[in-house]
Amino acid sequence: MTDAGGSPVDEYDSDVEAAIREHHPALITYITAGDPSLADTKAYVEALDRGGADLIELGLPFSEPVAEGATIQAAINRALEAGTTPEGFFELVADLETEAPLLVMTYYNMILQYGAEPDVRPFVERAAEAGLSGIIVPDLPAEEADPLREACDDTGLDLVFIIAPTTEGERLDRIMSHVSGFAYVQARLGTTGARENVSGATHDSLARLSEYDVPKAVGFGVSEGDHAAEIVDAGADGVIVGSALVDIIAAHGPTGSETASRGVASSDAAAALEAKAAELKRGARRGADTITDDHEKQPEPEQP
Amino acid sequence: MSMEHEHDDESESGRAGTFGDYGGQYVPEALMPALQELEDAYERYVLENEDGFMDEFRERMRDFGGRPTPLQRADRLSERYDREIYLKREDLLHGGAHKLNNALGQVLLAKYMGKERIIAETGAGQHGTATAMAAAHLDMPCEIYMGRTDVNRQRPNVYRMRMNGADVNPVEAGSGTLKEAINETMRDWATTVERTHYVIGSVVGPHPFPKMVRDFQAVIGDETRTQIREQAGRLPDSVVACAGGGSNTMGTFHAFVPDDEVALHAVEAGGSSLEIDEDAGLAPNSATLSTGTDGVLHGAMTKLLQGTDGQIVESHSVSAGLDYAGVGPELSHLVETGRVVPATVDDEAALDGFHRLSRLEGIIPALESSHALGYLERAAGPAGETAGGQRPRDEDLGDLVVVNVSGRGDKDLETVLEETETRDLEAAPDVEVFDG
Ligand SMILES: Cc1ncc(COP(=O)(O)O)c(C=O)c1O
């Protein structure tokens, strides 16, 4: 599985970091678990894995997704209407066999409430047991993260932090000194959602972060292979794509019965997801090649 | 003002921005620098009166807002309940509710901070109207997010906001009430945070909002404490206020928290039932302090209405302003420590409270405030008159009681009319009164 001709996994702190370093430039994909059903999610995750995803984030739906734009909000609603529960989610994860390590993305209250009393540990322990490699919590800033960080450290999970366009100065230093897995670089202010271009804020952020030697992956708005190329060219180690994939799932129709046509829609969606992942991965590689070309052709200026 | 009290409430665990186990800052990373900036501004301008901020705030609350509001002895209620009942008349504040205290404070603060745009959520529309008025008064562009259900049941307030030049954005998600409006306002803020201030409408949300909003609202209790001493010669035995997010509640209680002999009663919406229907994701009430469990919503650890998995359930109350699945973290803490006693009043008892105050005192209260009046009836009312003789007298209230009338009920007339027609309410006038 190693195409970077590289190092053994245990050279890195975690399999999340290894997945990014060894498959550089990495493709990280997000879909919402249970949209439109957990059985479909299994097929979709496997398709993304085949298509070239190097890390896969699975959303555990929460009723108040404040960091999400309209696309993922709708996916979360579909998943909740389909009756997705944390336990069903963990069973799905335990059932998955992918090359790409899996991360869970969910809101803090879902983590707190998993056990009988509000406490992060039961969730983290169950996540480790089910085979997850890391956790991303969009409403948990570093200041509030100590309990979860300790629980993750004890179980060997990565706790991935988001770096926003507004994260600067001393806070940025503090967060970057604690990076676990990779730094999730938020490409622009606002919520998740597919966009038509790569924001100037992305270039600014990557320039600001270039001095930190940690894997950086850029998300929020990435939807096309060309975006992936541009972002990798600008210095990212990976791209994170969510809403563009969720759009594909939504376009293949509502949650279904077990009818034949539903099965067709589901396998069509899987094929489309696999193709999209492959396009994004090609784009990311193109971005990495540009960097190499630039090196060879120096002193030519970098691509715009 | 509150900030001069010595008893301030830094966390027992020592972390800033918490009240015991409650509070904190559970927000997306993008907002953290803005919260830091807000905390700095709050400390400088509000706590330290830098550039005369608090002087300007008080002056505007007097000239524009109409402060101080009266503390009025309610003669006929006093007779009915056989004790001294005083009403704090926040319904007489400009805009018709206590909400202006906070809205004007925050819009003025935003101005001092150099922000260019105001956004706010609203449930009943009272906070939205107060914010729109304050923004017009201080010449700031203003956008309000309001759930679709609330837009439909609080039309007059939508018009008032528009009259004051605010844009009102209906939020279609979920049940279309306050919770969804807050989600959407937080999303706007996460996008525009560099030049926009989010005027949150209650003592909820991430630090420093719960403290800052409380401090702007604390004028209610500060005035009350002085007024009751002048008028009754002593502190009250108990203070009663309704609680949604809890801003009128904390505003009224804050000055009395150190007075151990004063009982503090927070009255929540009991809705139609206190049970949660987990399968439907629905709580037919908003009784967070009385029945909620600890969790994180809208930036703070607090008591919540949630299912066992952690999904937040939809709340309900006949009063839009109480219809919320969370509550301010400081109130959760004060309930946990036993300082504040929570109680619930159902839709019907609140409607009766509405009619009773209208009839006996010539004051039409907001449906939110009517819950406090419903509680008064239950705790102190003539035994047996409406509950088949089974209603116990509540010794806690004592002989001298202050009830905060947080707002006036003009906005609720349509709802009250509909709800009264379908029920047999003890205190309501004949339905023909409405048919005219
Ligand atoms: C008149 C009135 N009272 C009370 C409330 C409840 O809010 P809080 O609990 O923050 O005082 C509202 C909210 O809209 C209101 O309009």
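Just so you know, all these numbers are worked out from the coordinates, no wet-lab data involved. No experiment lies behind these values; they were computed from the predicted model shown. Cβ: placed from backbone, ideal geometry, glycine included. Neighbour counts: every protein chain shown.
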What list of ³J(HN,Hα) values in whole Hz, one per residue of the stretch A:38-49 in order, does the Karplus curve 6.51 cos²θ - 1.76 cosθ + 1.60 (θ = phi - 60°) give from phi, with Gly and Pro shown as x? 5, 5, 4, 4, 4, 5, 5, 5, 5, 5, 5, 4
State, in angstrom, two size descriptors of chain B derived from its alpha carbons: Rg to one decimal place and Dmax to the nearest whole number. 20.1, 60
Out of B:186, B:171, B:200, whose Cα points farthest toward the positive end of the dipole of the stretch B:171-216 (charges: +1 Lys, Arg; -1 Asp, Glu; placed on Cβ)? B:200
Counting other chain Cβ atoms within 10 Å of each Cβ in B:27-40 and taking the mean gives 6
Global form of the protein assembly as shown, assessed from the alpha-carbon gyration tensor, a/c cut-off 1.5: prolate
Suppose every Lys and Arg Cβ carries +1 and every Asp and Glu Cβ carries -1, with no other charges. What dipole size does the protein assembly as shown come out with about its Cα centre, to the nearest 20 debye? 2140
Of the options A:179, A:159, A:90, report the single residue whose Cα projects farthest towards the positive end of the charge dipole of chain A (beta-carbon charges: Lys, Arg +1; Asp, Glu -1). A:90
For residue B:117, residues with placed amide H under 5 Å, excluding near neighbours: B:197
Quick one: which residues, 5 or more positions from residue B:314 or on another chain, have an amide H under 5 Å from its amide H? H modelled 1.01 Å from N in the peptide plane, none for Pro or chain starts. B:282, B:283
What list of ³J(HN,Hα) values in whole Hz, one per residue of the stretch B:174-180 in order, does the Karplus curve 6.51 cos²θ - 1.76 cosθ + 1.60 (θ = phi - 60°) give from phi, with Gly and Pro shown as x? x, 8, x, 10, 4, 4, 5
Can you pull the semi-axes for the stretch A:122-174, root of five times each eigenvalue of the Cα gyration tensor, sorted largest first, whole Å? 24, 10, 9
When the gyration tensor of chain A is built from Cα positions, what are the square roots of 5 times its three eigenvalues, in whole Å, from largest to smallest? 29, 24, 18
Distance between Cα centroids, the stretch B:214-250 to the stretch A:207-248: provide it in whole Å. 53
Which residue, B:81, B:106, B:70, has the largest displacement toward the positive end of the dipole of the stretch B:58-111 when charges sit on each Cβ (Lys, Arg +1; Asp, Glu -1)? B:106
Cα centroids of the stretch B:131-165 and the stretch A:97-145: how far apart, whole angstrom? 39
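Using unit Cβ charges (K, R positive; D, E negative) and no other charged atoms, how large, in debye to the nearest 20, is the dipole of chain B about its Cα centre? List each step's numbers first, then the result.
On the way: 39 positive and 78 negative charges, 203 e Å.
Charge dipole of chain B: 980 debye, to the nearest 20.
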To the nearest 0.05, the calculated FRET efficiency linking residue B:360 and residue B:167 through their beta-carbon distance, R0 being 45 Å, is 0.65
What whole number of Å gives the distance from the Cα centroid of the stretch A:49-93 to the Cα centroid of the stretch B:310-327? 25
Using the per-residue mean of other Cβ atoms lying within 10 Å as a proxy for protection, in what order, highest first, do the peptides B:248-256, A:243-251 fall? B:248-256, A:243-251
Residues with amide H under 5 Å from that of residue A:218, placed H, sequence gap 5 or more: A:185, A:238, A:239, A:240
Starting from the Kirkwood radius over alpha-carbon pairs of the stretch A:80-206, derive D by Stokes-Einstein at 10 °C in a medium of 1.306 mPa s and give it in µm² s⁻¹. 99
Given Cβ point charges of +1 (Lys, Arg) and -1 (Asp, Glu) and nothing else, what value in debye, to the nearest 20, does the dipole of chain A about its Cα centre take? 820
Quick one: 3J(HN,Hα) in Hz for the stretch B:150-166, Karplus 6.51/-1.76/1.60 with θ = phi - 60°, rounded, Gly and Pro as x. 5, 4, 6, 9, 10, 3, x, 5, 4, 5, 4, 4, 5, 4, 7, x, 8
Return, for the Cα atoms of the stretch A:43-89, the radius of gyration and Dmax in Å, separated by a comma. 12.1, 32
